[in-house]
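Engineer: After the structure tokens below, expect a handful of questions from me.
Where a number appears in this text, it was derived from the coordinates with a stated rule and is not lab data. The model shown is predicted, which means the values in this text are computed figures rather than measured ones. So basically every Cβ, Gly included, is an ideal-geometry build from the backbone, and we count neighbours across all protein chains shown.
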Amino acid sequence: MSNDDTAANSTSSRRRRRGSSAQTRQMLGMKGAETKETNIWKIRLQLMKPITWIPLIWGVLCGAVSSGGFTWSVENVLMAAACMLLSGPLMVGYTQTMNDYYDAEIDAINEPYRPIPSGAISTDQVEAQIWILLLSGVFLAYGLDIWAGHEVKVITMIAVFGSYISYIYSAPPLKLKQNGWLGNYALGASYIAFPWWAGHALFGQMNWTIAILTLFYSLSGLGIAIVNDFKSVEGDTKLGLKSLPVMFGIGTAAWICVLMIDVFQAGVAAYLISIHENFYATILLLFVIPQITFQDMYFLRNPLENDVKYQASAQPFLVLGMLVTAMALGHAGV
Ligand SMILES: C/C(=C\COP(=O)(O)OP(=O)(O)O)CCC[C@H](C)CCC[C@H](C)CCCC(C)C
């Protein structure tokens with residue numbers, strides 16, 4: 001084989017690899033993946049952005065652990081899996097599909113290759129998908145309440161409340177996402193508090209301490225959500241969206257963001273100390289240290305360039321901290 005043939009083969013295999021990686025990224029719902037998909041089921045999955053299910057599935061796990069009632073029986077594993085199906089594919093799937101539905105106009109400018117603005121799926125099909133995911137979610141939540149023997153249908157209430165927050169996040173007239181504080185706090189709560197409540201209620205007794213502590217923890221989630229606003233600061237400014245980088249400028253917003261992330265995790269550690277869970281509090285604090293290091297190394301130096309790098313390096317420590325907190329709460333019997 002000549003050198004020219006080898007070069008041509010390696011170029012075409014590089015293209016194939018790039019093509020298949022763009023397809024995977026598109027299916028997972030990651031940004032910037034431009035491929036022309038025609039399979040309606042793949043398009044439907046793309047609308048549900050599977051990559052964004054992960055934090056909620058993790059949140060359910062934390063809730064199950066904090067309840068202190070989870071044991072490794074087949075029934076418990078099935079119940080936890082059903083609750084993860086509810087939180088991820090169904091409820092986030094519904095949220096993301098609806099978000100794209102209400103963002104169709106703006107996506108036509110910013111991401112015209114997305115399924116709705118590109119015309120790959122019709123509005124009727126999208127509306128049907130929203131309703132099917134929502135109703136399946138609420139029915140499954142009710143089923144889980146029955147399975148867990150709940151007199152008060154807590155999981156159904158969380159699912160209905162969560163779907164309402166999803167609606168006002170994306171839909172006019174409220175469209176919370178247009179407001180940096182409210183929109184990002186709704187996101188933070190949906191990553192941390194809501195799935196945690198569902199997991200906790202499934203295996204234990206939902207209570208005010210868990211509700212308030214996780215809502216407090218969600219303020220760290222607000223900080224994480226702000227990180228994502230730096231990439232779209234130009235577009236947001238033009239469209240008059242009040243993200244924190246638009247309101248306060250890049251430098252100040254970056255500081256607000258990291259302070260929210262660190263201070264509220266430290267606050268949770270302080271609460272753990274107050275209930276004598278010093279061992280877990282120490283581990284949680286130890287997990288905050290690498291986050292501060294990555295904030296200093298990457299994020300604060302150049303938030304526009306290093307946002308993704310920062311998330312990839314620091315986020316694992318934040319989510320591990322959530323699990324440590326859940327273990328402490330389960331141990332303390334909160
Ligand atoms: C749609 C969401 C994020 C996307 O936001 P944005 O439009 O700014 O980004 P893109 O440009 O990338 O599209 C998520 C919104 C989450 C929402 C506020 C609340 C979700 C509620 C939960 C799904 C409810 C879970 C209940 C369950 C645990 C029983």
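Engineer: Please order Met91, Met48 by the number of other Cβ within 10 Å, starting at the fewest. Please report the intermediate quantities before stating the final value.
Structural biologist: Values: Met91 29, Met48 24.
Least to most surrounded, the residues fall as Met48, Met91.
Engineer: Would you work out the charge dipole size for the chain about its Cα centre, treating the Cβ of every Lys and Arg as +1 and the Cβ of every Asp and Glu as -1, and quote it to the nearest 20 debye? Can you show the working numbers first?
Structural biologist: Details: 20 positive and 22 negative charges, 103 e Å.
For this selection, approximately 500 debye.
Engineer: Set Lys and Arg Cβ to +1 and Asp and Glu Cβ to -1, take the dipole of the chain about its Cα centre, and tell me which of Cys83, Tyr167, Leu133 lies farthest positive.
Structural biologist: Leu133
Engineer: Can you compute the helix-only [θ] at 222 nm over the chain? Use -39500 (n - 2.57) per DSSP H run of at least 4 residues, normalise by all residues, nearest 500 deg cm²/dmol. Spell out each step's value before the answer.
Structural biologist: Working: 16 runs with 246 residues, N = 334.
Estimated from H runs of four or more residues: -24000 deg cm²/dmol.
Engineer: Quote to one decimal, in nm, the extra length available between Ile132 and Trp181 on full extension: 0.36 nm per residue of separation minus the C-alpha distance between them.
Structural biologist: Details: separation 49, 0.36 × 49 = 17.64 nm, distance 3.05 nm.
So the extension gain works out to 14.6 nm.
Engineer: How far is it, in nm, from the label point at Ile54 to the one at Ile275 when both lie 7 Å from their Cα along the line to the Cβ?
Structural biologist: Using points 7 Å along Cα→Cβ, the separation is 2.8 nm.
Engineer: Same structure, new question: Among all the lysines, which ones have a C-alpha under 17 Å from Lys49's C-alpha, if same-chain residues fewer than 8 places away are not counted?
Structural biologist: Lys31, Lys36
Engineer: May I ask for the net charge around Tyr101, where only other residues with Cβ less than 15 Å from the Cβ of Tyr101 are counted and Lys, Arg are +1 while Asp, Glu are -1? Numbers along the way, then the final one.
Structural biologist: Details: positive: Arg44, Lys49, Arg114, Lys175, Lys177; negative: Asp100, Asp103, Glu105, Asp107, Glu111, Asp124, Glu127.
Charge balance in the 15 Å sphere: -2.
Engineer: Trp208 to Leu259: extension gain in nm, 0.36 nm per residue of separation minus the Cα-Cα distance?
Structural biologist: Values: separation 51, 0.36 × 51 = 18.36 nm, distance 2.58 nm.
Result for the pair: 15.8 nm of gain on full extension.
Engineer: Of the lysine pairs in the stretch 91-242, how many meet both conditions: Cα atoms under 22 Å apart, and a spacing of 8 or more in sequence or different chains?
Structural biologist: Numbers: Lys175/Lys231; Lys175/Lys238; Lys175/Lys242; Lys177/Lys231; Lys177/Lys238; Lys177/Lys242; Lys231/Lys242.
Close lysine pairs under the 22 Å cut-off: 7.
Engineer: Ok, one more. Mind listing the phi-derived Karplus ³J(HN,Hα) values for the stretch 213-218, rounded to whole Hz, using 6.51, -1.76 and 1.60 with θ = phi - 60°, and x for any glycine or proline?
Structural biologist: 4, 6, 5, 5, 4, 4
Engineer: Can you list residues from other chains, or at least 5 along the same chain, whose modelled amide H is less than 5 Å from the amide H of Lys242?
Structural biologist: Here Gly180 satisfy the definition.
Engineer: Also: Starting at the first residue of the stretch 302-314, write each ³J(HN,Hα) from the Karplus equation 6.51 cos²θ - 1.76 cosθ + 1.60 with θ = phi - 60°, in whole Hz, x for Gly and Pro.
Structural biologist: Taking θ as phi minus 60°, the curve returns 7, x, 6, 8, 9, 4, 5, 4, 5, 4, 5, 7, 8 Hz for the stretch 302-314.
Engineer: Let me ask something else. Measuring from label point to label point, each 7 Å out along Cα→Cβ, what is the Asp296 to Ile40 span in nm?
Structural biologist: With each label point 7 Å from Cα toward Cβ, the separation is 5.6 nm.
Engineer: Suppose R0 equals 30 Å; then what is the FRET efficiency for Met247 and Ala332 from their Cβ-Cβ distance, rounded to the nearest 0.05?
Structural biologist: Numbers: r = 39 Å, r/R0 = 1.30.
It comes out at approximately 0.15.
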